[in-house]
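Q: Sharing a structure, written as structure tokens. Questions coming.
The values are calculated or read from the model by the stated rules, or taken from the named source; none is laboratory data. Note that the structure is predicted; figures quoted are calculated from it, not measured. Cβ placement follows ideal geometry from the backbone for every residue including glycine, while neighbour counts extend to all protein chains displayed. All accessible areas refer to the heavy atoms of the entire protein, side chains included, with ligands and DNA or RNA removed. Shrake-Rupley method; radii C 1.70, N 1.55, O 1.52, S 1.80 Å.
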Amino acid sequence: MNATVTARAHTNIALVKYWGKADTELMLPQTSSLSLTLDQFYTDTTVTFDDQLTADEVTVNDQLLSSEAAKKVHNFLNLVRQQASRTSFARVTSVNHVPTAAGLASSASAFAALAGAASRAAGMDLDRTALSRLARRGSGSATRSIFGGFVEWEAGHDDLSSRAVPLIEDVTWPIAVVALVLDPHHKKVSSRQGMQSSVTTSPFYPAWKQIVADDLDAIKPAIRAQDFTTLGETLETNAMRMHALTLSARPPFSYFNGDTLTAMQTVKGLRAAGLECYYTLDAGPNLKVFCQTADVSAIQERFARQFGSDNVIVAHPGPGIQFLNKA
Ligand code: 2P0
């Protein structure tokens, strides 16, 4: 009897970024990182191992992937097969739930959901710490999406010690993230390439490692104390310092576009007008603006006027991995 398992994992936004690997095979990061799991963006993935299959079959959003496009998934399934002592191929069906056309889908939710569904379908019963270590092998940021709320990925020094630890899973702090879709297209420089280039060519990289350590020391007590100003100032500065690694790489590159800079100015303007909010952004131009829920309508309205209401999505803290069926 082949088990079919469906898992749901939400994406996360890093407040203290992961930007560089120490070990590309084991996917060990150069530094720890810290994120907030979000409720609005998630992936549902169903996996069945089937002796009748002659290759892994991967469907994403109703489209069957070519073997080239499915390579990362196939490599990940090889790892699961090895750990579970299984040989059969798998049928993987994945649906990304993103409120608008694109731009915010993420390898974090994808590999977290795949780790959960594939490991259970292969007969393993991993706890969430072990699941976070497995998800890490698919994509670094997926390590953190196993847990809900505020999550730290402890860098560690080997496969066992590099895993996610929840800081506060059930977030009662009334905060929100206003996500701006400024360019829904695929990024030109992948995170994987971008961070590798930053590690090997930016002269600022050693400073970045110290920055992350200091920012983690500042942000964890701020989260526990619900100190929004320290949280916001730390996450905004951390994001800009991460992006300074791209600008200082050789050759230099950037994920910003014109709208990114315009939206940053709007955040500053909102702050000057007494609406406290702070931005962060990842390996793409789309800004995510942190605010307190009391201010969210006014901030959402401001950005809707600027970029169109379809391009403004409000998210809140979200849950960790869920299994939707086990039969
Ligand atoms: C993060 N990012 O901490 C950082 C900030 C993007 C900017 O993790 O190579 O898709 O699969 O480990 O996880 C995006 O990189 O890269 C990312 P891989 P991943 O969220």
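Q: Do you know which residues across segment 200-248 are without any contact (Cβ under 8 Å) to a residue 24 or more places away in the chain and outside any helix (DSSP H, G or I)?
A: D227
Q: For segment 42-64, name all the residues that are modelled with pLDDT under 95 and crowded, with 23+ Cβ neighbours inside 10 Å.
A: None; the set is empty.
Q: Mind telling me which of the residues D215, D259 ends up being crowded, with 18+ Cβ neighbours inside 10 Å and touching a Leu at 6+ places or on another chain (Cβ under 6 Å)?
A: D259
Q: Mind telling me which of the residues A115, A207 ends up being surrounded by fewer than 18 Cβ atoms within 10 Å (Cβ to Cβ) and either within 14 Å of the ligand (Cβ to nearest atom) or under 25 Å from A22 (Cβ atoms) (or both)?
A: A207
Q: So if I check each of K268, K288, which one is among the charged types (D, E, K, R) and crowded, with 17+ Cβ neighbours inside 10 Å?
A: The match here is K288.
Q: Looking only at segment 12-34, count how many residues are more than 7 Å from the ligand (Cβ to nearest atom), of a type in the set (D, E, K, R) and touching a Ser or Thr at 6+ places or on another chain (Cβ under 7 Å).
A: 0
Q: Another question about this same structure. Select from segment 121-164 the residues that are closer than 24 Å to K209 by Cβ and open to solvent by 50 Å² or more (accessible area, probe 1.4 Å) and write down the one among them that is nearest to the ligand (Cβ to nearest atom).
A: Looking at the filtered set, the residue picked out is R137.
Q: Same structure again: Restrict the check to segment 65-80 and report whether at least one residue is open to solvent by 60 Å² or more (accessible area, probe 1.4 Å), away from the ligand (no atom under 16 Å from the Cβ) and not small (G, A, S).
A: yes
Q: Further question on the same structure: Does segment 263-288 hold any residues that are within 16 Å of the ligand (Cβ to nearest atom) and closer than 19 Å to S309 by Cα, and which are they?
A: Matches in segment 263-288: Y279, P285, N286, L287, K288.
Q: Restricting the first residue to segment 285-311 and requiring it to be part of a loop (DSSP other than H, G, I, E, B), which pairs with a second residue that is exposed (fewer than 15 other Cβ atoms within 10 Å of the Cβ) meet a Cβ separation below 8 Å and a spacing of at least six or different chains?
A: P285/N257
Q: If I ask for residues that are buried (at least 17 other Cβ atoms within 10 Å of the Cβ), modelled with pLDDT under 95 and among the hydroxyl-bearing types (S, T, Y), which ones from segment 165-204 would you list?
A: Listed by number, the list holds a single entry, S191.
Q: Just checking, how many residues over segment 17-66 are of a type in the set (A, V, I, L, M, F, W, C) and within 30 Å of P206 (Cα to Cα)?
A: Final tally of qualifying residues: 7.
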